[in-house]
1. So what's the net charge close to A75: Lys and Arg +1, Asp and Glu -1, counting the other residues with Cβ under 14 Å from its Cβ?
2. Which residues' amide hydrogens lie under 5 Å from the amide hydrogen of V60, considering only partners 5 or more residues apart or on another chain, with H built in the peptide plane?
3. Of the residues F40, F53, F91, which exhibits the maximal mean-square fluctuation in a Gaussian network model of the chain defined by a 10 Å Cα contact cut-off?
4. Looking only at A23, A75, A51, which one moves most when the chain is put into a Gaussian network model with springs between Cα atoms under 10 Å?
5. Under DSSP H, which helices of the chain have Cα atoms covering 15 Å or more of the helix axis and a Kyte-Doolittle average no less than -1.0?
6. Using a Gaussian network model on the chain with a 10 Å cutoff between Cα atoms, which of A38, A83, A54 fluctuates the most?
7. Once every DSSP H run of n ≥ 4 in the chain is given -39500 (n - 2.57) and the sum is divided by its residues, what mean residue ellipticity at 222 nm do you get, rounded to the nearest 500 deg cm²/dmol?
8. Within the stretch 18-54, which residues have the backbone N less than 19 Å from the label spot 7 Å out from N99 along Cα→beta-carbon, could you tell me?
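Each reported figure results from applying straightforward, stated rules to the coordinates on display, with no laboratory input. No experiment lies behind these values; they were computed from the predicted model shown. We place every Cβ from the backbone using ideal geometry, glycine too, and count neighbours over all the protein chains shown.
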Amino acid sequence: MKKHPPAISAKRARNLRRNPTDAEQRMWRLLKENFPEARFRRQVPIRQYIADFASHQAKVVIELDGGQHSPQSDAPRSAVIEAEGYRIIRFWNNAVLENGDGCMASLTQVLTRT
């Protein structure tokens with residue numbers, strides 16, 4: 001049986017889609033230009049968390065990380081998302097803003113292994 005996210009998650013995700021960061025705007029543009037067939041979505045509720053970008057088709061989640069993220073603090077979130085069958089790819093915000101082509105090259109490698 002499919003596990004649905006809490007009702008508040010949809011409302012919060014809608015708000016996040018309306019107010020994206022600069023890095024999220026750039027990543028969204030890069031994903032639409034480079035991987036339209038993967039059908040990525042923005043601010044996707046997965047259980048009690050909201051993934052920055054997700055492709056249900058490719059079972060890939062992209063997380064953009066700023067200074068507040070660390071492997072230790074993100075471990076519970078990653079475990080829940082991975083338990084749902086997704087692979088998580090993380091990029092730092094500054095990498096997306098300064099080296100978008102490099103991020104797309106890394107993502108190409110991940111998506112071709114699917």
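1. -2
2. S55, R87
3. With Cα springs under 10 Å in the chain, the top fluctuation among F40, F53, F91 is at F91.
4. A75
5. Answer set is 71-83, 100-112.
6. A83
7. -15500 deg cm²/dmol
8. Those under the cut-off are 23-24, 26-28, 30-31.
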